[in-house]
Amino acid sequence: MTMISRRDVFRLASLSLAGGGTAERAEAQPLTVNAIEPITIKRRGVGFRGLDKARAFPGFTLFAPIAATNRTVYLVDMDGTVVHRWEMPYAPGLHGYLTPRGTLFYNGKIPNDTHLGKTPFMGGSAMEVDWNGKVLWEVKHPEHHHDGILLRNGNVMLICARALAPAIARRVRGGRAGSEYDDGTMNADYLLEVTTGGKVVWEWSIADHLDPEKDHITGEQDGREEWTHANGLSEMPDGRILLSCRNTSTVMTIDRKTGNIDWKLGPPPLSGQHAPYLLENGHVLLFDNGPHRLDETFPYSRVLEIDPATNAIAWKFQESPPQNFFSDRISNAVRLPNGNTLINEGNFGRFFEVTRDGVIVWEYVNPFFGGPPKAQSNAVFRVQRYSEAEIERARRVT
């Protein structure tokens, strides 16, 4: 609470007196006013913001705030009411989602003493838990970061990173000169398929398939601690892997049988994108963050649906003016069964659903903050929406 001076009280009372009181009476009883909320996002408003029931897809939204002090996965209904919580053993590293059978697959953060362990996107653990939070299995890997998924064959695929050979690192173009780790090293990503018991059954390395000069770091202001910064993967119906690399602004498909890259799209149109996955129509949906666009003079975010047969943009959502919608990192988008799209403006923990023509029909801002007192954050890596039937199925898995 902030106290108003007696002089200010007298001045305010003279301008507008409540209940017909006098200025002298107001001066004798000092008033107080609430201090202005210092956290910008809280000040703008959090929690449930609005709903158009006629056009929104009814269901439940799942998210895990990524602040290091958070270990809870939340499930909220369309009114923003928390209907379930999973209390996890670790902070998110960086998200969780429901599997087809209704369990929660979760990437957890287990810091270690390596370069990777000191980064905010560190993972280290992947696990499956039931509705009550009971851990059914867990695999750990010190080089796991950002994302891991449960494959249809029952195995787990992890994004991992390790030091790149110095000879290759020297050839990587882009980024700030001299911004490698203190010991001069640069990390590079690789994919690892393991059983739920931890046995490695497949490995694929960026260093074996990308060109350090052609597949360069697109942001000249970005650091050179890592080359590609893989940040999301998904499994396609035919078993291929769809992978996103932020630093090179590249999305690609990988044939697990041959190891070949079958399709690749880079900048422009992409810029620091996240969370690509294949839609039923064969298109790729992703969140295009846009921190440094090669074909624009200013940064902004948008959601893109891309036809990989032609690389044409089949649909997009962006604000007007474009700068009104921007999250330079994290974030995702999900196509809903009714054709709408659920969007996570991750840096600000803002989730909203839009129709095909871009009308917002639901909005919610994550009210759960964490982190240092003077740097509170409600950031969310990814969100998912589930139908009532899917949640009922999840409730039965114990």
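The values are calculated or read from the model by the stated rules, or taken from the named source; none is laboratory data. All of these numbers come straight from a predicted model, not from anything done at the bench. Reconstructed Cβ throughout: ideal geometry from the backbone, glycine too, with neighbour counts over all protein chains shown.
Quick notes
- Applying the criterion of being part of a strand (DSSP E or B) and among the hydrophobic types (A, V, I, L, M, F, W, C) to the residues of the stretch 85-115, the residue that is surrounded by the fewest Cβ atoms within 10 Å (Cβ to Cβ) is F105.
- Filtering the stretch 355-368 to residues that are surrounded by fewer than 20 Cβ atoms within 10 Å (Cβ to Cβ) and either in contact with a Ser or Thr (Cβ under 9 Å, 6 or more places away or on another chain) or closer than 24 Å to G272 by Cα (or both) leaves T355, R356, G358, V361, F368.
- Restricting the stretch 229-245 to residues that are without any contact (Cβ under 8 Å) to a residue 60 or more places away in the chain and part of a loop (DSSP other than H, G, I, E, B), the residue that is farthest from the chain's Cα centre (by Cα): D238
- If you go through the stretch 248-264 and pick out every residue that is within 18 Å of T310 (Cα to Cα) and either modelled with pLDDT under 95 or among the acidic types (D, E) (or both), you end up with 1.
- Any hit, the stretch 135-142, residues being among the acidic types (D, E) and over 13 Å from T72 (Cα atoms): yes
- Exactly one residue among R356, R382, R335, R350 is assigned by TED's automatic domain parsing to the domain that holds L62 and either within 24 Å of G108 (Cβ to Cβ) or acidic (D, E) (or both), and that residue is R382.
- Just one of the listed residues (A177, A188, A207) is within 26 Å of L242 (Cβ to Cβ), outside any helix (DSSP H, G or I) and not aromatic (F, W, Y), namely A188.
- Residues that are basic (K, R) and either closer than 11 Å to D215 by Cα or buried (at least 18 other Cβ atoms within 10 Å of the Cβ) (or both), drawn from the stretch 257-267: K264
- A314 vs. criteria part of a strand (DSSP E or B), among the small types (G, A, S), crowded, with 18+ Cβ neighbours inside 10 Å and free of Cβ contacts under 8 Å to residues at least 60 places away in the same chain: no
Here's the yes/no breakdown for (1) under 16 Å from V194 (Cβ atoms); (2) modelled with pLDDT under 95:
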{"site": "V73", "(1), (2)": "no, no"}
{"site": "P92", "(1), (2)": "no, no"}
{"site": "T99", "(1), (2)": "no, no"}
{"site": "T103", "(1), (2)": "no, no"}
{"site": "T119", "(1), (2)": "no, yes"}
{"site": "G124", "(1), (2)": "yes, no"}
{"site": "M127", "(1), (2)": "yes, no"}
{"site": "E138", "(1), (2)": "yes, no"}
{"site": "H145", "(1), (2)": "yes, no"}
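- Subset of the stretch 261-279 [assigned to a loop (DSSP other than H, G, I, E, B) and touching a residue at least 40 places away in the same chain (Cβ under 8 Å)]: G266, P267, P269, S271, G272, L279
- Unmet requirement for T253, which otherwise passes all of (1) assigned to a strand (DSSP E or B); (2) out of contact with any strand residue (DSSP E or B) (no Cβ under 8 Å at 6 or more places or on another chain): (2)
- Verdict on P267 being out of contact with any strand residue (DSSP E or B) (no Cβ under 6 Å at 6 or more places or on another chain) and at pLDDT 95 or above: yes
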